[in-house]
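All of the numbers you see were taken from the coordinates with simple rules; none came from a lab. None of these values were measured; they are calculated from a predicted model. Ideal geometry is used to build each Cβ from the backbone, glycine not excepted, and the neighbour counts take in all protein chains shown.
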There are 2 protein chains.
Amino acid sequence: MTSQSAVSQLASAMGQQPAPIYLRVKQAIITQIRAGHWQPHQRIPSESELVNELGVSRMTINRALRELTSEGYLVRMQGVGTFVAESKGYTAMLEVHNIAEEIALRGHEHTSRLLTLEEIQADGERLTMPGVAQGQPLFHSQIVHYEDGIPVQLEDRLVNPIMAPDYLKQDYQVITPYTYLMQVAPLSAGEHVVEAVMPDAFQQKTLMIDAREPCLLVRRQTWSGNHAVTGARLLYPGTRYKLLGKFRGHN
Amino acid sequence: MTSQSAVSQLASAMGQQPAPIYLRVKQAIITQIRAGHWQPHQRIPSESELVNELGVSRMTINRALRELTSEGYLVRMQGVGTFVAESKGYTAMLEVHNIAEEIALRGHEHTSRLLTLEEIQADGERLTMPGVAQGQPLFHSQIVHYEDGIPVQLEDRLVNPIMAPDYLKQDYQVITPYTYLMQVAPLSAGEHVVEAVMPDAFQQKTLMIDAREPCLLVRRQTWSGNHAVTGARLLYPGTRYKLLGKFRGHN
DNA sequence: GAGTGGTCTAGACCACGTG
DNA sequence: ACGTGGTCTAGACCACTCG
């Protein structure tokens, strides 16, 4: 049987003593997968088989398999069996942080200047938000964020008045819109899009850049429960701001 | 005692029957945290206290606490106790995919054109890679990727010959450098930077864009084990390509 | 009905941090 | 010495899938 030889390799792959058993089981299974002895979609031995082959209690085997499942190595189906997951390769991720936090983390000073804070009407085009009908009120703010006095972000934001009725009454020298909105309407989900654009005349002036400097534009829409809370257009000068990310492989 | 009242609230928060016990325990604890009854850095009842208060076996309590820890809600210290983690807010992530896969997922046709495939010498400046000394050989490739015949990415790549000695012998009409490199040197870690730049004359010509169109530049460095494998500069026309991402809150 | 994973228990031993 | 979390076991019952 293929599973017989595979399991005997499994047992030998569990050599080292100092680690907890469930971890050695996990490592042994990962070894089989990495070595190609167990292929994606292939069924691996059942819990009770592993109990017999490895001489370990079922709860311990179960923990190892459960953790490997949540880590994406395995797929389990009750009544059917445990299978090697499709190789995910890797997922390269970029984190997009709150600007004030990010500047603080770099040990720099964050300041901001409020350009606009007003109530407007949704026009169904650029000034709109999911769930807010045309002609309904919206809040609008424009803020420039500075890092050690240098402008690094122009934040243009629309807010759903139903979700944050006191948005216009806040002092945005003290609290950032992001922080305030997170308090009154905790984020449940969001989407964003990153693109490269050229700044218009107003943007050039506020960010103190010239007409030839490309910018990163992050458009972000966030939700609390089933309600759209806010949509933001965050514009960064290309020469002063970059998005960083690290990633790791899975298999 | 504060923990006494907190625990009695805990027990009442565990109402519903149909869910497994460890899940109800998890939900009850999350409820306490969200409601603010248990604050960040505050110690929560010990496993044995929870066993007594909730009338559940310790293994079940342990599983609930262990999972909440791996999900970022709690921090545990052996010999000390279990504490509510600092609120993470959320982490907004952008996924950066393999271009060929991404185009295929959209149901479009991916083609590519090889511009350059050569051996060069590391010069310690732009042509360099961690772990490869100046004057050592490097492989260099330039490929344009097309989506339904329209150029969407210019891939400029340096490869460590030690990690992929046969890189120059591959047919990049058949396999993408990304896919080939993942096969011979499975990725273990990577970093990337996204910025907005203006294209130079060569880039304008190959991507068929005009001089005023800003581009997204993704610079990516990947490692396999402790060895740098490849560094890539991926240039996307700003009008034809955007990075998308979704995110969800944690707490 | 036989085999699978999903869960739960009671009790045990250990390593660790604190007083 | 004590309480904490970390782990492990043997055995149990259940829900599910499949032939």
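Annotation for A:His108 and A:Met59: the two label points, set 7 Å from Cα along the Cα-Cβ direction, are 5.3 nm apart.
Our note on the geometry: Cα centres of the stretch A:160-210 and the stretch B:25-80, 36 Å apart. Between copies, the label points at B:Tyr146 (set 7 angstrom from Cα along Cα-to-Cβ) are spaced 5.0 nm, reported in nanometres from shortest to longest.
Placing a pseudo-label 7 Å from each Cα along the Cα-to-Cβ vector at A:Ser48 and B:Ser70 gives an inter-label distance of 2.5 nm.
Taking each residue of B:193-203 in turn, how many C-beta atoms of other protein chains fall within 10 Å of its C-beta, and what is the average?
On the way: counts 5, 10, 11, 18, 5, 6, 1, 0, 0, 0, 0.
That average works out to 5.
Its convex hull of Cα atoms gives the stretch B:31-171 a direction-averaged projected area, equal to a quarter of the hull surface, of 15.8 nm².
Across the stretch B:2-84, the mean sequence separation of Cα contacts (distance under 8 Å, 6 or more residues apart), normalised by length, yields a relative contact order of 32 percent. Placing unit charges on each Cβ (+1 for Lys and Arg, -1 for Asp and Glu) gives the protein assembly as shown a dipole about its Cα centre, and among B:Gly225, A:His37, A:Met129 the Cα reaching farthest toward its positive end belongs to A:His37. With a 10 Å cut-off between alpha carbons and a GNM built on chain B, which of B:Ala28, B:Ala122, B:Ala196 moves the most? The residue with the greatest mean-square fluctuation here is B:Ala28. Under 16 Å of direct C-alpha separation, and excluding same-chain neighbours fewer than eight residues apart, B:Lys26 reaches these aspartates and glutamates: B:Glu47, B:Glu49, B:Glu53, B:Glu67, B:Glu71. Across q = 0.14, 0.21 Å⁻¹, the stretch A:99-237 modelled as identical point scatterers on its alpha-carbon atoms has Debye log10 I(q)/I(0) values of -0.66, -1.41, in the order of the q list. Across the identical copies, the label point of B:Thr31 (7 Å from Cα in the Cβ direction) is separated from its matches by 4.5 nm, in order from shortest.
Length, then width, then depth: along the principal axes, the Cα atoms of chain A run 72, 38, 30 Å.
Tell me the Kirkwood radius of the stretch A:2-84: reciprocal of the mean inverse pair distance over distinct alpha-carbon atoms, in Å. Intermediate results must be reported in sequence, preceding the final value.
Details: mean 1/r = 0.0797 Å⁻¹.
The Cα-based Kirkwood calculation yields 12.5 Å.
Let me know the shape class of the protein assembly as shown, please: from the alpha-carbon gyration tensor, a ≥ b ≥ c as square roots of the eigenvalues, rounded when a/c is under 1.5, otherwise prolate if a/b is greater than b/c, or oblate. Verdict is oblate for the protein assembly as shown. Between the Cα long axis of helix B:21-34 and the first principal axis of chain B there is an angle of about 80°, rounded to the nearest 10.
Placing unit charges on the Cβ atoms only, positive for Lys and Arg and negative for Asp and Glu, gives the protein assembly as shown a dipole magnitude near 1420 debye about its Cα centre. Sorted shortest first, the separations between the B:His227 label point and its copies elsewhere in the assembly read 5.7 nm; each point sits 7 Å from Cα along the Cα-to-Cβ line. Note that the stretch B:186-245 shows a convex hull volume over its alpha carbon atoms of 101 Å³ per residue. Taking 0.36 nm per residue of sequence separation and removing the Cα-Cα distance, the B:Thr116/B:Ser188 pair yields an extension gain of 23.2 nm.
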